[in-house]
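The values are calculated or read from the model by the stated rules, or taken from the named source; none is laboratory data. These figures come from a predicted structure and were not determined experimentally. Reconstructed Cβ throughout: ideal geometry from the backbone, glycine too, with neighbour counts over all protein chains shown.
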Amino acid sequence: MRLGSTLISLAAIMAAGSLSGPILAPAHACDLPSTSVSDVYPTGEMLPENLLRFYVYFSAPMGQDDILPSITVLDESGDPLEGVFLSNRYDLWSADRTRLTLLLDPGRVKTGLAANQAMGRALVAGRTYHLRISQTALDATGCGLSAAHSVSFQAIDADVTSPTPEDWVLSTPRTGARDPITVTVDGPIDHLSLAYRLRVLRPDGTPVAGSLALEAAETIWRFTPREPWGDTAYHLRIDPLLEDLAGNRMDAVFDLDLGSGAPSMAPSDHRMISFTPLP
């Protein structure tokens, strides 16, 4: 199962980074485990073989122990792959421990590195894979998950191009209305980048308050303002750190062969796309 048509809210993403108090583990029986996997990103069914990250969201805070033994990538035959994820002493959790970042081993993803030359990438274009989170993953109370969770996807050719805002398509809202502005990007973007690195600004540079939704496997960014649009020009600000699924930024491609002699590129300034609501 994939979640390619999932609609998400900015509030839900940002809530995963908040922490209102210590995570406690009360002692009780685990006869009826209730914690589950709520979302997995990216949601597309076709992912580049040089994919850099998965994100797994849980319905409740997870435990402190290493979770990687409970997460497996299976090939088409159902056999587990080895060495897919970067083994880190500290798992990459959000502050409230409900969002886990799974970093595919960059040494295998990036061409020119020893691990890539020796083992190749974990994912190979044209093949189907299954990401499985086992019930053995423990939540903050010490209980396992209520059910295992799996998503399937097909690997496609590596993405070695940068996001190009010049190719994005913006809808134009109406003055005096709360129509959303919709941005269709030129390829799937990392969902946290879409949540944090695009902002609508007023002419004076202050951000417009509103709500955000991501659609169509993270290729559509939809922003609905809290107040009606005014009769003035607005700006969509794009942070230069915005990344696609393969870690490519607007002025830097992640997967460059280190022996190619390709120059590194300095980060650019913020990009701005201006729009004026229709009368």
Exercise for review: Scan the range 107-118 and give yes if some residue there is out of contact with any helix residue (DSSP H, G or I) (no Cβ under 6 Å at 6 or more places or on another chain), assigned to a loop (DSSP other than H, G, I, E, B) and without any contact (Cβ under 8 Å) to a residue 40 or more places away in the chain, otherwise no.
Suggested key: no
Review point. Filtering the range 85-113 down to residues that are among the aliphatic types (A, V, I, L, M) and closer than 14 Å to Ile133 by Cα, which residue is surrounded by the fewest Cβ atoms within 10 Å (Cβ to Cβ)?
Key: Leu102
Exercise for review: Residue by residue through the range 238-248, note down the ones that are surrounded by 21 or more Cβ atoms within 10 Å (Cβ to Cβ) and either outside the structural domain of Pro173 (by TED's automatic domain parsing) or more than 16 Å from the chain's Cα centre (by Cα) (or both).
Suggested key: Ile238
**Study point:** Residue within the range 14-27 that is modelled with pLDDT under 95, outside any strand (DSSP E or B) and surrounded by 16 or more Cβ atoms within 10 Å (Cβ to Cβ) present
**Key:** yes
**Study point:** Residue in the range 151-177 that is farthest from the chain's Cα centre (by Cα), counting only those that are loosely packed, with under 15 Cβ neighbours inside 10 Å and small (Gly, Ala, Ser)
**Key:** Gly176
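A quick yes/no check of all residues on (1) buried (at least 18 other Cβ atoms within 10 Å of the Cβ); (2) under 30 Å from Leu113 (Cβ atoms):
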| site | (1), (2) |
| --- | --- |
| Asp179 | no, no |
| Val183 | yes, no |
| Asp190 | yes, yes |
| Ala195 | yes, yes |
| Pro203 | no, no |
| Ser211 | no, no |
| Pro228 | no, no |
| Asp231 | no, no |
| Leu236 | yes, no |
Point to revise | Members of the range 53-75 found to be of a type in the set (A, V, I, L, M) and within 14 Å of Leu103 (Cβ to Cβ), listed by number | key: Val56, Ile67, Leu68, Ile71, Val73
Practice item. Select, from Leu131, Leu145, Leu192, the only residue that is assigned to a loop (DSSP other than H, G, I, E, B), at pLDDT 95 or above, on the phi < 0 side of the Ramachandran plot and not small (Gly, Ala, Ser). Key: Leu145
Check your understanding: Where residues in the range 77-99 are part of a strand (DSSP E or B) and at pLDDT below 95, which of them is nearest to Ser38 (Cα to Cα)?
Key -> Trp93
Review point. Closer than 21 Å to Ser162 by Cα and touching a helix residue (DSSP H, G or I) at 6+ places or on another chain (Cβ under 8 Å) - does that describe any residue in the range 64-83?
Key: no
Exercise for review: Could you tell me whether Pro165 is more than 21 Å from Gly44 (Cβ to Cβ), in contact (Cβ under 8 Å) with a residue 40 or more places away in the chain, touching a strand residue (DSSP E or B) at 6+ places or on another chain (Cβ under 6 Å) and not aliphatic (A, V, I, L, M)?
Suggested key: no
Study note, to complete from the structure: Counting only residues that are touching an Asp or Glu at 6+ places or on another chain (Cβ under 8 Å), in a loop (DSSP other than H, G, I, E, B) and without any contact (Cβ under 8 Å) to a residue 60 or more places away in the chain, the range 209-242 contains a total of 3
Point to revise | Qualifying positions in the range 185-199 - charged (D, E, K, R) and either touching a residue at least 60 places away in the same chain (Cβ under 8 Å) or in contact with a Lys or Arg (Cβ under 8 Å, 6 or more places away or on another chain) (or both) | key: Asp190, Arg199
